[in-house]
Amino acid sequence: MKYWQVVTGLLVAWLLVIMYMSMSVFPNTNDTNQRTEIQLQRALEELEKLRSQNSELHSLAKQISSLKLSILHYRELKFERSPNEDGGQELASLKERLEQAQRQLVYRAQQQEVKQEVRGQLTTGNTDGPSLEHEVARREVERVSEEFWMYIRAELTQIKEQASDPDLVRKVNNILEISADIHKKLKNDQSKLANMVDGTGKWRKKEAQRLTDLVQRRLEHLQNPPDCNTAKKMFCNLGKGCGYGCQLHHVTYCLIMAYATQRTLILQSEGWRYASKGWESVFLPLSKTCRTTGGQTTSRWGPNSMTDDAQIIELPIVDSLSPRPRFLPLAIPEDLADRLTHVHGDPSAWWVGQFVTYLTRPNAMLEQFLDEAKQKLGFTNPIVGVHVRRTDKVGMEAQFHSVDEYMRYANEWFDIYEKQHPGVQRRVYLASDDPGVLHEAKKNYPNYIFVSDNEVSKTASLGSRYTDASLRGVILDTYLLSRCNYLVCTFSSQVCRVAYELMQPLHGDASEWFKSLDDIFYFGGQNAHNWLAVEDHQSRREGEISFNAGDTVGVAGNHWDGYSKGRNAKTGKSGLFPSYKTVNKIDRVKMPTYPEVTDL
């Protein structure tokens, strides 16, 4: 196939998506009658979908019944035929059709069950905002359109790099430029749809804040039992040999374990490598009423820990945890799952973020330091946070990424933001463990104001990493990065993931407020991260995997070019697959509901 055929095909496909998306953006209106009419129309459409799905299910059932009779008929004929009349091929074909119809029936029945369950929940839940189905569908359209743009950009860039004709290179560059502009227009329209139509953005943020308040009050209740002497406890030692982000995530895992087993967490932090006086030298105590490890009986986490009557259970690091309970990340609590999925695009990150938020509440001295540093640096919104990882991590845990790679996405965000806010001053909060990054950024991007503190970068270097100044510096970085409007970083970095986690309780739904140059979001020591196939896929090239709708795919990472890498749990095969044919499979797990803490 010629280059121009490929380019034309890609462009046509991209334009079709834009046309489809444009039909999804409806104008704002304050007319009550018109809104009622729209809602009634949606209800009628939903009923029509249900009627259509029921017809499909009946049709599939008849097809299965017919196919079963046909197979029995062929089995009978097989004994009557002569040896030369082999009906095996026809029988195999019928069996294949039967299996395919059965798979479709099971998958559609599952979809029907989920939709009916959702409708039942919505009739008794908060209906002030858009329906759960609407929110999930809206976010899925945004995700798939972004995957498609990444695919278009990657394919056109590859064509350009392989082309030897200068005219072709110029034309491909022109297509890339126009496509990028269309993509920014589309992102702007999606933002309007999510935040400006019928006040849904305000509703979403308000509901997310209610959930945050509920979880924070549950943690406060858990951590402050009325009688510490009789309270069941979970013991966690901070002495894990790693950096700040890693140690914070270790304590986060401990608090999640405590929450899911209804035990008060006791943290042993004296002699902390960052601060010898321990956790409370910078953060508020985890408890006001219970800080001692005293108890009648103590045991290590083991096979009977969920039913163990021991007053104190000691936790190992997550890598050594056995058995591994289902409630480890990326699981979310069943009792909050529907409300959380309604308002947030990455419920697992939001859930982890709740624990990180509770743990990192600053004490009075740290709060004063953060406020003064923010004012001194001139940190104001709108601002894009950029975290550039260097020193010992490059080449060992992460690849090298140039400043230009980070700034490419900062530019893109401001281009989109500027469509609604013309003339905005472009600002970047730049955090790095390499002091030379700030000089390079200022030199190459003079139209930006870079908010940064090179003293913090110096304390993050290997020779000064485990000092009081270094601790305050990394806390300042995560604090300010989480308060940016957008985050560009590498999710292989724990500091980057901490900032992303802190973003979630702060901003309602900040699940798309990031660009990672390498990994997808994950929690160290997490249980398997699975995606669900929503369409059949047959591999088209070497290195791809096939799957059927309903298959579970264990995801290893997104290549940010329209493809992800994973393993089909049914076939055991690993390889690339188109990301848009799968959706995130959220693991909902029963955890304590803390009925003593009421929802406000």
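A few comments on the model shown:
- In a fully extended conformation the segment linking Ser574 and Gln162 would gain 145.5 nm over its present Cα-Cα distance, using 0.36 nm per residue.
- Distance-filtered residues of the stretch 288-303 - backbone nitrogen under 17 Å, label point 7 angstrom along Asp309 Cα→Cβ: 295-300
- In the context of the full protein assembly, Ile175 retains an accessible surface of approximately 20 Å², using a probe radius of 1.4 Å and ignoring ligands and nucleic acids.
- Sites Asp335 and Ala137 - FRET efficiency at Förster radius 25 Å, r taken between beta-carbons, to 0.05: 0.55
- For the stretch 263-306, averaging the sequence separation of C-alpha pairs within contact (under 8 Å, six or more residues apart) and dividing by the residue count gives a relative contact order of 32 percent.
- Of Tyr466, Tyr594, the order by accessible heavy-atom surface (1.4 Å probe, DNA, RNA and ligands excluded), from most exposed downward, is Tyr466, Tyr594.
- For Arg426, distant residues with modelled amide H under 5 Å away: Ile449
- Relative contact order for the stretch 510-600, counting Cα pairs under 8 Å that sit 6 or more residues apart, in percent: 25
- Proximal charge balance of Leu377 [Cβ under 15 Å; K/R count +1, D/E count -1]: +1
- Each residue of the stretch 532-540 is assigned a 3J(HN,Hα), and the resulting list reads 10, 6, 10, 9, 5, 9, 10, 4, 10 Hz, derived from the Karplus form 6.51 cos²θ - 1.76 cosθ + 1.60 (θ = phi - 60°), x at Gly and Pro.
- Test item: Cα-centred dipole of the stretch 359-451, Lys/Arg +1 and Asp/Glu -1 on Cβ, debye: 200
- The fraction of accessible area contributed by carbon and sulfur in the stretch 242-388 is 49 percent, rounded to a whole number (1.4 Å probe; ligands and nucleic acids excluded).
- In this simple spin-label approximation, Ser320 and Lys240 carry label points 7 Å from Cα along the Cα→Cβ vector, and these lie 1.3 nm apart.
- Legend: calculated FRET efficiency, Asn527 to Thr598, from the Cβ-Cβ distance at R0 = 35 Å, rounded to 0.05, equals 0.70.
- For the stretch 284-327, the list of trypsin sites (Lys or Arg not before Pro) that fall in a loop by DSSP and count at most 10 other C-beta atoms within 10 angstrom reads Lys288.
- Residue order for Met234, Met365 - accessible surface, 1.4 angstrom probe, largest first: Met365, Met234
- Residues Leu600, Leu328, sorted by accessible area with the largest first, give Leu600, Leu328 [1.4 Å probe; ligands and nucleic acids excluded].
- Scattering profile of the stretch 197-270 at q = 0.26 Å⁻¹ [log10 I(q)/I(0), Debye over alpha-carbon scatterers]: -1.13
The values are calculated or read from the model by the stated rules, or taken from the named source; none is laboratory data. This is a predicted model, so every value here is computed, not measured. Note that we place each Cβ from the backbone using ideal geometry, even for glycine, and neighbour counts take in every protein chain shown. Calculation scope for accessible area: heavy atoms of the full protein, side chains included, ligands and nucleic acids excluded. Shrake-Rupley method; radii C 1.70, N 1.55, O 1.52, S 1.80 Å.
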